[in-house]
């Protein structure tokens, strides 16, 4: 479970490639006893060596529960991806550095954890 618990905490990806890295994140917002399902989705393309916010911080009094992260290396060479949770002061690694070959997909699903799929759609161990 990835929880963004305050107005400064974000989910980010660190990439080391000029490939096209395509991403989508999905989350629910939790406000006390109320859960807003399907609250948010963010999509984008990363084309540089950079740190990119994949999911922004929630509103005051709200916790954001990240349900799924999908990252695809749409480029032609390997790319390294590292997911981090940033609390506004420190970026904490929440995944290993993952080498993502061309057309491979790196996926986080709340109920299953981290998965990787080959370019033919077959899950890797």
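Here are a few things to note about the model shown:
- Once the Cα-Cα distance is subtracted from the 0.36 nm per residue extended length, the residue 115 to residue 43 segment shows a gain of 24.0 nm.
- Spatial separation of Cα centroids for the stretch 1-29 and the stretch 48-125, in angstrom: 7
- Multiplying the residue separation of residue 35 and residue 95 by 0.36 nm and removing their Cα-Cα distance gives an extension gain of 19.0 nm.
- In plain terms, the chain from residue 74 to residue 52 could stretch by 6.3 nm, reckoned as 0.36 nm per residue minus the Cα-Cα distance.
- Where [x] 37, 32, 27; [y] 44, 30, 21; [z] 33, 32, 25 are the candidate values, the label of the one calculated here for Cα extents along the principal axes in Å is [y].
The numbers here are math on the coordinates, done by the rules we state, and not lab data. Quantities reported herein were computed from a predicted structural model and do not represent experimental measurements.
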